[in-house]
Amino acid sequence: MLTCMVLFIVQGHGTPAPFDAPRRFVAIGPYKIVRNPMYIGGLTLLVGLALFEHSKSILFFCPVWFLLAHAFVVFYEEPSLAEKFGGTYQGYCKAVPRWIPTW
């Protein structure tokens, strides 16, 4: 997640925060193998916390969190990025998977 944040600041000239989103398209580093590495990292941390704490409630929350993140990505984030970056982003979506990394 730290790598993604640094890339947004250095390469994208912005931050991960919606009110200061990157002004340049970022498709390097983890973004070369999957479109949403920060969400995947967040889910991984949440699952790890559930396992570390032996918490069934946190573990049961993980799919709910993922569905909410998926809905946010599909219905808000992707249309917003397509509008902002046009064909560059659309080509990126065709080449790089949303959730399952490819090497």
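The values are calculated or read from the model by the stated rules, or taken from the named source; none is laboratory data. Keep in mind it's a predicted model, so treat the numbers as computed, not measured. Methodologically, a virtual Cβ is constructed for each residue, glycine included, from the backbone with ideal geometry; neighbour enumeration extends over all protein chains shown.
Evaluating Y76 against the criteria (1) closer than 16 Å to G42 by Cβ; (2) of a type in the set (F, W, Y); (3) exposed (fewer than 13 other Cβ atoms within 10 Å of the Cβ) leaves one unmet condition, (1).
Scanning segment 80-100 for residues that are closer than 15 Å to F25 by Cα, surrounded by 12 or more Cβ atoms within 10 Å (Cβ to Cβ) and not basic (K, R) returns S80, L81, A82, F85, T88, Y89, Q90, G91, Y92, C93, V96. If you go through segment 1-39 and pick out every residue that is touching a Gly at 6+ places or on another chain (Cβ under 6 Å), exposed (fewer than 15 other Cβ atoms within 10 Å of the Cβ) and at pLDDT 90 or above, you end up with 3.
Among the residues of segment 40-48, some residue qualifies, meaning at least one is in contact with a Phe, Trp or Tyr (Cβ under 8 Å, 6 or more places away or on another chain) and surrounded by 17 or more Cβ atoms within 10 Å (Cβ to Cβ). Is it the case that V26 is free of Cβ contacts under 8 Å to residues at least 24 places away in the same chain and not polar (S, T, N, Q)? Yes. Number of residues in segment 49-67 that are of a type in the set (G, A, S), surrounded by 12 or more Cβ atoms within 10 Å (Cβ to Cβ) and part of a helix (DSSP H, G or I) equals 1.
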